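Here the structure comes first, spelled out in structure tokens, and everything after it is commentary.
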Amino acid sequence: MKVNLLVNYDWEWDLAGLKNGGLRSNEISRMDLIVRWGGGRRLSGFLPVQSVYADFYVRDEYWPDFDPLHFEHALVWFKNQDQTLGG
């Protein structure tokens, strides 16, 4: 399992790398699951290429109130999702 933690990510910064031949986030692989804290239900430009087929799990608590059990709940939820990758 690989877990990426991005804090204060800016999609404009990422896409600006295209001027030099690639995304600045090119080392981040395709994501299967995105966990968002704070109740937001949008991607807001978050890793547009890597998140194209990701499932989206939302917690209403804010990040400072993170509990490892929240992540466990996300993994259990994800295990029950249909993994069709758009097909």
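Roughly what angle does helix 68-79 make with the longest principal axis of the chain, taking Cα atoms, 0 to 90 degrees, to the nearest 10?
So the inclination is approximately 80 degrees.
Using 7 Å Cα-to-Cβ label points, what is the ASN26/VAL7 separation (nm, one decimal)?
So the label points at ASN26 and VAL7 sit 2.7 nm apart.
Let's test the formula: R0 of 30 Å, r as the Cβ-Cβ distance of HIS70 and VAL49. What FRET efficiency results, to the nearest 0.05?
0.70
Out of the trypsin sites (Lys or Arg not before Pro) in the range 1-39, which ones are loop residues according to DSSP with at most 13 other C-beta atoms within 10 Å?
Here the trypsin sites (Lys or Arg not before Pro) that fit, given the DSSP loop and packing criteria, are LYS2, ARG30.
Report the extension gain between ARG42 and GLN81 in nm, rounded to one decimal, defined as 0.36 nm multiplied by the number of residues separating them, less their alpha carbon distance.
Extra length from ARG42 to GLN81 when fully extended: 12.2 nm.
Can you list the chymotrypsin sites (Phe, Trp or Tyr not before Pro) in the range 23-65 that are in a DSSP coil and have 16 or fewer other beta carbons within 10 angstrom?
Sparse-neighbourhood loop chymotrypsin sites (Phe, Trp or Tyr not before Pro): TRP37, TYR53, TYR62.
Provide LEU33, LEU18 in ascending order of the number of other Cβ atoms located within 10 Å of each residue's Cβ, fewest first.
LEU18, LEU33
For the range 24-87, run through the GluC sites (Glu not before Pro) and keep only the ones in DSSP coil with at most 13 other Cβ atoms within 10 Å of their Cβ.
In loop regions of the range 24-87 (DSSP not H, G, I, E or B), the sparsely surrounded GluC sites (Glu not before Pro) are GLU27, GLU61.
Coordinate-derived values only; no laboratory data. Since this is a predicted model, take the numbers as computed values, not measurements. So basically every Cβ, Gly included, is an ideal-geometry build from the backbone, and we count neighbours across all protein chains shown.
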